[in-house]
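*Asks:* This is the structure I have questions about; it appears just below.
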Amino acid sequence: MNLIMLGAPGAGKGTQAKRLSDKYEIPHISTGDIFRANIKAQTELGVKAKSYMDQGLLVPDELVVDLVADRLKQDDCVKGFILDGFPRTLVQADSLDKALSAMDAKIDAAVDVDVPDEDIIKRMAGRRACISCGSTYHLQYLKPAVEGVCDRCSDKLVLRVDDEPETVKKRLLVYHEQTQPLIEYYTKKGSLVKVDGTLDIPTITIAILKHLSK
Ligand code: ADP
Ligand code: ADP
Ligand code: ZN
């Protein structure tokens, strides 16, 4: 199963991707997590990406396209993959199609987790993210077993710098301008699956699984 998660920042892509990854036993590949790992390790890529991410802007296409194409060639992707946060531009979507067709593969579904901007702004203030594995929690909707500690890896939970309200507003603008056109792109290809992202977390997973089993 080769899946893409679409949706605004904070729509719940990562939350659903992790649940689908457990269910289908295929890797959850988050380009945001890859960039944050590079920032932490102070790699050249991390240094370049950080300046864009902190401002709520997209990292340039050329820094992300080859990185994802290489990742999809790794052994753990033989049964499939879930891309979360990629593609985010039409250029990226096009390059992904080319990389996949060179591997004789294609996207089975692009899942659009749909949440209105007003809900996103409210929701993001309560998001807390693990500094190590990227798992996200919520102060109200998805509490970890121990406050401030990641259930998966026991590392610390923090408010990401780019989750400050002003940066979230900027990221939403960027989303509508650069990423939303992908909804039409995948609709035309017949691979779009739209789910209501304002429902509760398990209900959304059930809705996605129902679509995918059709
Ligand atoms: P969210 O989960 O809130 O949608 P991500 O963790 O996916 O955020 O991404 C955080 C930031 O990393 C983005 O705002 C952007 O700067 C950068 N980024 C992640 N994926 C991409 C991508 N495919 N293209 C360009 N920039 C990206
Ligand atoms: P994305 O990967 O799209 O940026 P996340 O999966 O990190 O989004 O979710 C954003 C925030 O909203 C997190 O704090 C997460 O715990 C919370 N969240 C995710 N799905 C829901 C939902 N259906 N209802 C309420 N809160 C949610
Ligand atoms: Zn963790």
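Just so it is clear, none of the values below were taken in a lab; they were calculated from the coordinates. Since the model is a prediction, treat every value here as computed from it, not as a measurement. Here the Cβ positions follow ideal geometry from the backbone for every residue, glycine too, while neighbour counts run over all protein chains shown.
*Asks:* Identify, from the list Asp108, Asp162, Asp155, Asp104, the residue that is touching a strand residue (DSSP E or B) at 6+ places or on another chain (Cβ under 7 Å) and under 21 Å from Phe86 (Cβ atoms).
*Replies:* Numbers: Asp162 fails: touching a strand residue (DSSP E or B) at 6+ places or on another chain (Cβ under 7 Å); Asp155 fails: under 21 Å from Phe86 (Cβ atoms); Asp104 fails: touching a strand residue (DSSP E or B) at 6+ places or on another chain (Cβ under 7 Å).
The conditions single out Asp108.
*Asks:* Among (1) more than 19 Å from the chain's Cα centre (by Cα); (2) of a type in the set (Gly, Ala, Ser); (3) within 14 Å of ligand 2 (Cβ to nearest atom), there is one condition Ser154 misses while meeting the rest; what is its number?
*Replies:* (3)
*Asks:* Next question, about the same structure. Residues that are surrounded by 13 or more Cβ atoms within 10 Å (Cβ to Cβ) and touching a Gly at 6+ places or on another chain (Cβ under 7 Å): list the helices (runs of 4 or more DSSP H) wholly contained in region 19-122 that include at least 2 such residues.
*Replies:* Numbers: elements: 31-40, 44-54, 65-72, 90-102.
Fully inside region 19-122 and qualifying: 31-40.
*Asks:* Regarding Gly14, is this residue in a loop (DSSP other than H, G, I, E, B), of a type outside the set (A, V, I, L, M) and within 16 Å of ligand 2 (Cβ to nearest atom)? Write out each step before concluding.
*Replies:* Numbers: in a loop (DSSP other than H, G, I, E, B): no; of a type outside the set (A, V, I, L, M): yes; within 16 Å of ligand 2 (Cβ to nearest atom): yes.
No.
*Asks:* I've got another one for you. Determine if region 175-196 includes at least one residue that is away from ligand 1 (no atom under 13 Å from the Cβ) and of a type in the set (Phe, Trp, Tyr).
*Replies:* yes
*Asks:* Still on this model: Please work out which one of (1) within 16 Å of ligand 3 (Cβ to nearest atom); (2) assigned to a loop (DSSP other than H, G, I, E, B) is the condition Ala8 fails and give its number.
*Replies:* The one condition Ala8 does not meet is (1).
*Asks:* List pairs: first in region 143-159 and at positive phi, second within 16 Å of ligand 1 (Cβ to nearest atom), Cβ under 7 Å, 6+ apart or cross-chain?
*Replies:* Gly148/Leu157
Rundown of residues vs (1) of a type in the set (Gly, Ala, Ser); (2) within 11 Å of ligand 2 (Cβ to nearest atom), yes/no style:
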{"site": "Arg71", "(1), (2)": "no, no"}
{"site": "Gly80", "(1), (2)": "yes, no"}
{"site": "Arg88", "(1), (2)": "no, no"}
{"site": "Ser101", "(1), (2)": "yes, no"}
{"site": "Ile107", "(1), (2)": "no, no"}
{"site": "Arg128", "(1), (2)": "no, yes"}
{"site": "Gly134", "(1), (2)": "yes, yes"}
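*Asks:* Looking only at region 21-64, count every residue that is touching a residue at least 12 places away in the same chain (Cβ under 8 Å) and at positive phi and tell me the total.
*Replies:* 2
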